[in-house]
Every structure is written in C-alpha cells, then in structure tokens.
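Note sheet for the following structure.
Quick note: the coordinates plus some simple rules give every number you see, no bench work behind them. Remember, it's a predicted structure, so these values are computed and weren't measured experimentally. Here the Cβ is made from the backbone with ideal geometry for all residues, glycine too, and neighbour counts use every protein chain on show.
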Amino acid sequence: MLHHWPDKSTALSYVMITDMTRGRKPKAISVSEASGAFAKNPKRRPTNIIKADSGLPIAPDFVIADETAHKVWNETVDVLKDCGILSKTDTHLLTSYVITYSEWTKVVKHVSVNGHRDENDKTSPESVAMFKLAAAHQKLLAELGLSPSSRARLSVASSSEAKEETTSLASIIKLMKE
C-alpha cells in the first residue's frame, strides 16, 4: 500500500510503503514439507530459506532482575527446547513475552486489590493496562507456539524413534483394518 504525503515546503512528495499482508499467515516451510505440499511439484519449494541459529537465547539482565520474568523465561525456554523449536534468534520475542507476562501479573494484583475503578469512579489506568497486556500476551503466546491452536499448526521434525513408533502404530492400524 502506498501513501503519498506532499511536503508543503518543497514540491517533492514522499512515499511510504507499508506491508499490510492480508489473509492467513504463511505456513512454515517445515510444516508444508511435513504435509507433503512439495511432493507433487518440488519446484514450488522456496530456495531462499533462512535457517535459525541453533543456540539457546540468553536472558537479558533486566529479565534476570525481575523474579517473575526470570522464572517464566526458564520455564518457557525448557518447554520450547523440549519441543525443538527454540533458537537464539528468539531472544527478543521471548523477552517481550516474559516482560509482558510479568507486568500483567503486577497489574492484575493491583486491580484485584483496588478494583477496576479509580477514586473518580472512572476506569483505572491499571485496568486498561491489564486488558492491553493480556491482549499482547495472547499474541506472543501464538508467536512462540504456546497456544493450543498455534501448536496444532506446528510440525517439528521428530526423532527417528518417534518416526518408527508412528510407522509401527500406523502399520498396526492398517493391519487391523484389513
């Protein structure tokens, strides 16, 4: 989408290009490959795939200083590492997630003690912040693959043992049907 804003001091116009994608979010390449999307036509497989760094993210100092954020950081890193979907490039996303969660818990405690209204019987800023932080937290959950619907869309390459179990289970079911 292009936006034109004429600059009144000169005759030049400035163009701002914004990326406003529509429709569904694109699937990860690994998900498409696992579903067999490229089996019929391998030429459809993208050639410019960016690989993520395989290292683990390191918590920034301000996350370590916040007890709640640091606890959630460690829990989330363990879960994502076990799923095999964590890389060093997730540091900023994970930082946003744990700080948002930590701030949300502080605001929830404040609202549970003081209520949603301030002394002027208007909605308190803490109440507004609570709902905004909750919405941001939900979006970050999906980005990290921690919500049920985002987990259903993830397809992570499993170990050879899991593949063998799946194959043997599938063969058992096939034999039972015959």
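What's the ranking of 134-141, 43-50 by average number of surrounding C-beta atoms within 10 Å, highest first?
With the highest mean Cβ count within 10 Å placed first, the list reads 134-141, 43-50.
Applying 1/(1 + (r/R0)^6) with R0 = 22 Å to the Cβ-Cβ distance of VAL108 and GLU67, what FRET efficiency is obtained, to the nearest 0.05?
The formula returns an efficiency of 0.90 here.
By per-residue mean of other Cβ atoms within 10 Å, what is the highest-first order of 111-118, 73-80?
Per-residue Cβ counts within 10 Å, averaged per peptide and sorted highest first, yield 73-80, 111-118.
For segment 54-160, would you read off the P(r) tail past 25 Å as a percentage of all alpha carbon pairs?
Of all Cα-Cα distances in segment 54-160, 31 percent exceed 25 Å.
Over segment 54-160, what is the mean sequence separation of C-alpha contacts under 8 Å (at least six apart), divided by residue count, expressed as relative contact order in percent?
Computed value for segment 54-160: 25 percent relative contact order.
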